[in-house]
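I have a structure I would like to understand better, so I am pasting it below and will then ask my questions one at a time.
The values are calculated or read from the model by the stated rules, or taken from the named source; none is laboratory data. From a predicted model like this one, the values you see are computed outputs, not experimental measurements. Glycine also receives a Cβ, built like all others from the backbone with ideal geometry; neighbour counts cover every protein chain displayed. For the accessible areas, the whole protein counts, side chains as well, though only heavy atoms, and no ligand, DNA or RNA atoms are used. Shrake-Rupley method; radii C 1.70, N 1.55, O 1.52, S 1.80 Å.
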Amino acid sequence: MAERGRGWARAVRGLLLDVSGVLYDSGAGGGVPIAGSVEAVRRIKASGLKLQLCTNETQATRESFVRKLRALGFDISVAQVTAPAPAACHLLRERGLRPHLLVHHDLVPEFAEIDKTNPNCVVLGDAAENFTYANLNEAFRLLIGMEKPVLISLGKGRYYKETDGLKLDVGAYMKALEYACDIQAEVVGKPAKRFFESALAELGVPAEQAIMIGDDIVSDVGGAQQCGMRALQVRTGKFRSVLTLLLQSRASRPGFVPAFPHPFPLLST
């Protein structure tokens, strides 16, 4: 029975992996790898499965992010990372938007070639200590003064885990600006369907032959399901069993696989 129940796994050709809470917990000194994750990535690559990291990381450029992961022992290249900032830059150019940036100072170089004079939109990322009242109020004033306010959020997560505990994520601040300005943000990043489609294109595998592995039942599992993918939730990172059960009862669909304590259950046997 167990073998038949996992028959779908034999059709898998590629994996999309979340990073924070799945491969490592961020924090002081660059963070720490989650037990077994470095070896799991090595085994994935050795198995012949295609691999792409699908992350909402917005506290660093992709290049800096990859340097940090490699320092932690992960054999990952920049091309194997799908992140919101490059996708946002593409959207800004496509629509002729000039952003006011409320992002982490280490992410600003991603927008170096984007015109930011006389802003006609606000781009919101995980700004961490830059989420001050003054900075949020400046973003609010810009939006409320626009004839057609455009708020672009690099993800919509509620919170994430660092080595010293849980931290508010960009979604909390996105909701504050949405409420204050009576608008709806455009999300570039998980769980947006377009973002997952971009990750699948970079992976080079159709949705039905790929699996998303993450710790967030909404952004990772729910977003993957919108694209016809299966998804695994791990019990590391931000996983909280009570919250997961509440959200799962509201939104879970076929294609959700229950949470596993091991980072990558398909490779643990």
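Run the numbers on the chain and let me know its relative contact order in percent, using alpha-carbon pairs under 8 Å that are six or more apart. Provide the component values of the computation, followed by the final result.
On the way: 517 pairs, mean separation 56.2, N = 269.
Answer for the chain is 21 percent.
If the cut-off is a Cα-Cα distance under 15 Å, which aspartates and glutamates reach Lys175, setting aside same-chain residues fewer than 8 apart in sequence?
Of all the aspartates and glutamates, those that pass the test against Lys175 - Cα under 15 Å, at least 8 places apart if same chain - are Asp126, Glu186.
Extension gain Lys167-Lys148, at 0.36 nm per residue separation less the Cα-Cα distance, in nm? Numbers along the way, then the final one.
Working: separation 19, 0.36 × 19 = 6.84 nm, distance 3.15 nm.
Length gained between Lys167 and Lys148: 3.7 nm.
Test of understanding: in a Gaussian network model of the chain with alpha carbons linked when under 10 Å, which of Glu208, Glu186, Glu113 would top the mean-square fluctuation ranking?
Maximum among the listed residues: Glu113.
Separate question: May I ask which of Lys167/Lys238; Lys45/Lys167; Lys50/Lys167 have a Cα-Cα span longer than 20 Å here? Walk me through the numbers on the way to the answer.
On the way: Lys167/Lys238 10 Å; Lys45/Lys167 31 Å; Lys50/Lys167 31 Å.
Too far apart for the 20 Å limit: Lys45/Lys167; Lys50/Lys167.
Using a 1.4 Å probe on the protein heavy atoms, what percent of the accessible area of the chain belongs to carbon and sulfur? It would help to have the intermediate numbers written out before the result.
On the way: 6710 of 12720 Å².
The nonpolar share, carbon plus sulfur, comes to 53 percent.
Return the distance in nm (one decimal) between the two label points of a simple spin-label model at Val32 and Asn118, each offset 7 Å from Cα along Cα→Cβ.
With each label placed 7 Å out from Cα toward Cβ, I get 5.2 nm.
Given 0.36 nm per residue, what is the gain on full extension from Arg235 to Arg13 after removing their alpha carbon distance, in nm?
Values: separation 222, 0.36 × 222 = 79.92 nm, distance 2.35 nm.
Between Arg235 and Arg13, full extension yields 77.6 nm more.
Tell me what the chain gives for mean residue ellipticity at 222 nm when only DSSP H runs of n ≥ 4 count, each as -39,500 (n - 2.57), the sum divided by the residue total, rounded to 500 deg cm²/dmol. Before the final figure, lay out the partial values.
Values: 9 runs with 87 residues, N = 269.
Taking each H run of at least 4 residues, the total per residue is -9500 deg cm²/dmol.
Given an 8 Å cut-off on Cα distances and at least 6 residues of separation, report the relative contact order of region 133-206 as a percent.
Across region 133-206, relative contact order equals 29 percent.
Roughly how many Å² is the accessible area per residue of region 88-164, as a whole number, for a 1.4 Å probe? Before the final figure, lay out the partial values.
Details: 4010 Å² over 77 residues.
Ligands and nucleic acids excluded, the figure is 52 Å² per residue.
Hey, with R₀ at 41 Å, roughly what FRET efficiency would Ala46 and Ala180 work out to, going by the Cβ-Cβ distance, to 0.05? Mind dumping the intermediate values first?
Values: r = 50 Å, r/R0 = 1.22.
Working from the Cβ atoms, E equals 0.25.
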